[in-house]
Number of protein chains: 4
Amino acid sequence: MSQPAVFVAERRVEFCETDAAGIAHFAAIICYLEQAEHAFWRHLGLSVVQALDAESHLSWPRVRVECDYRGAAKFEDQLQVAVSLVKLGRKSLTFSFRVSRQSELIAEGQMVTVCCKVQPNRPLASVEIPGSIREKLQPYVQPECGE
Amino acid sequence: MSQPAVFVAERRVEFCETDAAGIAHFAAIICYLEQAEHAFWRHLGLSVVQALDAESHLSWPRVRVECDYRGAAKFEDQLQVAVSLVKLGRKSLTFSFRVSRQSELIAEGQMVTVCCKVQPNRPLASVEIPGSIREKLQPYVQPECGE
Amino acid sequence: MSQPAVFVAERRVEFCETDAAGIAHFAAIICYLEQAEHAFWRHLGLSVVQALDAESHLSWPRVRVECDYRGAAKFEDQLQVAVSLVKLGRKSLTFSFRVSRQSELIAEGQMVTVCCKVQPNRPLASVEIPGSIREKLQPYVQPECGE
Amino acid sequence: MSQPAVFVAERRVEFCETDAAGIAHFAAIICYLEQAEHAFWRHLGLSVVQALDAESHLSWPRVRVECDYRGAAKFEDQLQVAVSLVKLGRKSLTFSFRVSRQSELIAEGQMVTVCCKVQPNRPLASVEIPGSIREKLQPYVQPECGE
């Protein structure tokens with residue numbers, strides 16, 4: 001069985017992201033997860049906001065995020081954010097993230113996003129993930145524990 | 001059995017917190033949870049950063065956050081963030097949050113914080129929650145489901 | 001000659017706005033200016049985003065900001081942001097801000113915004129400030145130095 | 001006369017930095033200036049926070065920022081932030097920034113920072129810029145207009 005692919009985004013801690021405790025604020029880490037996800041889409045040759053036609057586009061609103069903080073990151077630390085998928089559903093994705101500073105773990109998180117069609121003057125509607133996108137995501141799906 | 005107390009913080013969505021999807025960014029909601037927690041500490045006559053003596057203070061670093069997004073909040077929406085406790089541990093707290101716009105639910109989240117002593121030139125050390133603080137928190141602890 | 005009116009917004013420094021220097025980050029202060037401006041619009045019974053009809057609205061994009069930092073604000077400091085106008089132009093406004101913690105000055109800034117009409121599928125176009133809005137702003141215009 | 005050096009930092013607009021007007025929020029641009037300044041320090045082999053000895057370090061608090069917005073940047077735009085110096089004072093620096101998207105100008109700003117010594121339990125004190133740092137900054141000083 002081949003190993004699932006992992007995409008790694010690099011991120012330096014910026015000063016405006018630190019807090020008075022001297023470390024990257026916990027909500028900044030949540031933004032790092034999103035930014036790594038967006039870099040992952042670009043890595044696939046796509047974007048988290050993908051035009052369908054002149055009027056409408058696909059987007060991936062997040063419906064859940066969770067994050068466990070295992071260490072602290074400081075100003076100018078160079079972090080690695082590893083992105084993979086723990087679930088590729090019919091209409092939704094569950095991303096898994098590991099934020100580390102070399103071998104030291106800083107945070108682990110998951111995020112659930114839903115494939116939606118955005119059209120002018122129409123409510124956001126969830127849609128099935130198009131086959132062409134599903135195909136590009138497949139290599140990043142981790143086998144479930146126990147499989 | 002008396003009802004557990006709930007503290008409610010009011011929060012208006014600021015423009016800098018919105019994103020290009022026209023709604024409060026999901027990480028801004030995470031900040032609302034923290035801000036409501038801090039307002040809760042002030043409501044108790046305390047602060048999330050509490051001096052112990054001239055040299056040291058108590059602080060509550062967060063080790064976990066999770067949030068489910070149920071609706072969208074827009075610029076200038078007036079939100080209510082209800083704060084209660086689902087667990088009052090020996091050294092840690094598990095907060096529960098409900099973010100709503102009147103009767104409409106926007107998000108539900110939980111956050112785990114650990115009681116730590118901060119001293120100069122010493123690593124952060126978790127400590128038992130002082131009795132005087134425990135007493136003030138007790139009324140906000142929700143009974144577990146099934147109890 | 002009567003004194004020009006001044007609107008004062010209250011703002012508490014939130015933890016996520018502090019930085020590793022232990023103070024409110026300088027860009028957070030810029031957001032305070034904007035938030036005070038938006039509170040000022042609400043105080044006038046308006047909004048910085050004002051519907052004109054079903055399709056279009058007025059908005060006030062900022063074209064310039066400047067800020068001098070005179071002191072430092074810390075977590076949970078309660079600040080006052082005083083808003084007045086130094087220029088009420090044909091199409092633009094120049095706001096003046098004083099951020100203080102009681103009698104202590106924290107920052108002084110100015111911001112220039114332009115009255116624009118926003119319409120779907122049309123570029124943003126600057127327009128004359130409507131008379132009804134001009135009338136509400138007039139009391140907040142400071143006399144120029146030397147007048 | 002040789003041309004002054006210019007340092008250029010690359011910056012992609014992240015989604016959390018956009019606002020409901022669909023563009024990078026004006027305060028996010030202020031953060032871009034700071035991040036470009038910090039990248040500039042690293043480019044010189046230094047950091048905006050520079051250890052002097054075990055107890056103290058040099059830091060550069062900002063005392064003034066100004067920015068003129070000339071265009072709008074959107075999500076995933078790749079921006080260039082050009083950094084140079086318009087004044088190298090005895091104790092302070094005046095940085096000049098040009099934010100552009102290839103040939104299109106997005107914003108122009110200036111920032112004044114003061115060389116300060118940070119010591120535990122001592123108030124922040126401005127100090128003369130050390131000669132070794134001054135030497136590294138010199139090539140980036142732009143000649144004044146008219147010279």
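The values are calculated or read from the model by the stated rules, or taken from the named source; none is laboratory data. What you see is a predicted model; the values in this text were computed from it and never measured. Positions of Cβ are backbone-derived with ideal geometry, glycine not excepted, and every protein chain shown enters the neighbour counts. Surface accessibility is based on the protein's heavy atoms, side chains included, excluding ligands, DNA and RNA. Shrake-Rupley method; radii C 1.70, N 1.55, O 1.52, S 1.80 Å.
A few comments on the model shown:
- Rounded to whole numbers, the Karplus 3J(HN,Hα) couplings from phi for the range A:53-62 are 8, 4, 9, 10, 8, 8, 9, 10, x, 8 Hz, using 6.51 cos²θ - 1.76 cosθ + 1.60 with θ = phi - 60°, and x at Gly and Pro.
- Calculated label separations, residue A:80, copies of the chain, 7 Å along the beta-carbon direction, nm: 3.2, 4.8, 5.4
- Calculated on alpha-carbon atoms, Rg and Dmax of the range B:66-133 in Å: 16.2, 48
- For the protein assembly as shown, carbon and sulfur atoms together expose 49% of the accessible surface, with a 1.4 angstrom probe and every protein chain in place.
- In plain terms, if you count all Cα to Cα distances in the protein assembly as shown and split them into 10 Å steps from zero, the share in each step is 3, 15, 25, 27, 19, 8, 1, 0, 0 percent.
- Only helices enter the 222 nm calculation for chain D: every DSSP H run of n ≥ 4 contributes -39,500 (n - 2.57), and dividing by all residues gives -5500 deg cm²/dmol, rounded to 500.
- Under Karplus coefficients 6.51, -1.76 and 1.60, residue-wise ³J(HN,Hα) of the range C:92-102 in Hz, glycine/proline x: 10, 10, 10, 8, 10, 10, 10, 9, 9, 10, 6
- Amide H to amide H, with H built 1.01 Å from N, residue C:64 comes under 5 Å of C:112, D:69, counting only residues 5 or more places away or on other chains.
- Compactness of the range C:1-132 as Cα Rg over 2.2 N^0.38 Å, two decimals: 1.15
- The GluC sites (Glu not before Pro) of the range A:1-108 that DSSP puts in a loop, and whose beta carbon has at most 13 other beta carbons within 10 Å, are A:55.
- Across chain C, the relative contact order, built from alpha-carbon pairs under 8 Å that are at least six residues apart, equals 27 percent.
- For residue D:57, the amide hydrogen comes within under 5 Å of the amide hydrogens of D:52, D:118, counting only partners 5 or more places away or on other chains and with H modelled in the peptide plane.
- Using a cut-off of 21 Å between Cα atoms, the listed pairs A:74/D:87; B:74/C:74; A:91/A:117; D:87/D:136; B:91/C:74; A:117/C:117 include A:74/D:87; B:74/C:74; B:91/C:74; A:117/C:117 as exceeding that distance.
- For residue C:12, the residues whose modelled amide H falls within less than 5 Å of its own, excluding neighbours fewer than 5 places apart on the same chain, are C:79.
- Its alpha carbons considered, the range C:99-147 gives a radius of gyration followed by a Dmax of 16.4, 48 Å.
- Per residue, in Å², the accessible surface of the range D:75-147 once ligands and nucleic acids are set aside, probe 1.4 Å: 53
- Summed over both chains, the accessible area lost when C and D associate is about 1400 Å², using a 1.4 Å probe.
- One Cα centroid belongs to the range C:71-91, the other to the range A:12-56; the line between them spans 31 Å.
- The heavy atoms of residue A:59 present about 30 square angstrom of accessible area, all protein chains included, probe 1.4 Å.
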